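J.: Quick one: the structure is below, and I'll ask about it shortly.
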Amino acid sequence: SDDVRVSLALRPSYREDNDIPTWSRSLPGDYTKTGYDRGHVVPFYDMASTDRRRQQVMLMSNIMPQHPSINRGAWSVLESQVRDCVRKHGEAYVATGVLFQPTLVTLTLTSKQQVPAALWKAVAFQHDGKWRSACFMAYNCQVGVGYRVPIVSRDYLERTIGIRLFNQ
């Protein structure tokens, strides 16, 4: 759409978040030559409506290491589907996060930046007067073309991440 093209033209550079303590702060250069993308927790296109939002969404505190095949493929498709859900239903609550699992190999980009083992997203929306939810989880690794982020039950996601989502 025209909005997407305009917002891409106005996309600011990634920058450090000065509200994060220096010892814990991620820097744009932390990702250079690592093989990982700077993946947004809150997607850029969800916040492209104003300059202030565009600036905020590009802070490094909103960035997570994502494997390029997930970030540019299946995760990007999922983010677009969530935007479509919001347009269709008018309102949605979205929670997104990462999962670090001690049973999986933990990689680090820098001493401050770990690579999450998995990414997750939960969406709650009203349909026919009732609240519905959809939850998704994908491992942060190489995936093939056409891969789709798997849908998981809310109960499974809540047990896995240790957070209760969308109290009913």
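J.: Around I70, under 15 Å between beta carbons, what's the net of Lys plus Arg minus Asp minus Glu among the other residues?
T.: Within the 15 Å Cβ shell, the charges total +2.
J.: Taking only protein heavy atoms and a 1.4 Å probe, what accessible area per residue, in Å², does the range 81-168 have with all protein chains in place?
T.: 63
J.: Straight distance only, please: which lysines reach the Cα of K88 with their own Cα at less than 16 Å, same-chain residues fewer than 8 apart left out?
T.: K130
J.: How large is the charge dipole for the chain, taken about the Cα centre, if only the Cβ atoms of Lys, Arg (+1) and Asp, Glu (-1) carry charge, to the nearest 20 debye?
T.: About 100 debye.
J.: In addition: Quick one: pull the percent of accessible area on the chain belonging to carbon and sulfur, 1.4 Å probe, ligands and nucleic acids left out.
T.: On the chain, the fraction of accessible area on carbon and sulfur atoms equals 51 percent.
J.: Express the accessible area of the range 7-72 per residue in Å², computed with a 1.4 Å probe while the remaining protein chains stay in the model. Present the calculation step by step, with values, prior to reporting the outcome.
T.: On the way: 3650 Å² over 66 residues.
About 55 Å² of surface per residue is accessible.
J.: Which is the longest stretch in the chain that no exposed loop site breaks, taking sites as trypsin sites (Lys or Arg not before Pro) with a DSSP loop state and at most 16 other Cβ atoms within 10 Å?
T.: On the way: sites that count: R25, K33, K112, R148, R164.
For trypsin sites (Lys or Arg not before Pro) (loop position, at most 16 other Cβ atoms within 10 Å), the longest site-free span of the chain is 34-111.
The values are calculated or read from the model by the stated rules, or taken from the named source; none is laboratory data. Everything numeric here is computed off the predicted structure, so don't read it as measured data. Virtual Cβ from ideal backbone geometry, glycine too; neighbours counted across all protein chains shown. Surface accessibility is based on the protein's heavy atoms, side chains included, excluding ligands, DNA and RNA. Shrake-Rupley method; radii C 1.70, N 1.55, O 1.52, S 1.80 Å.
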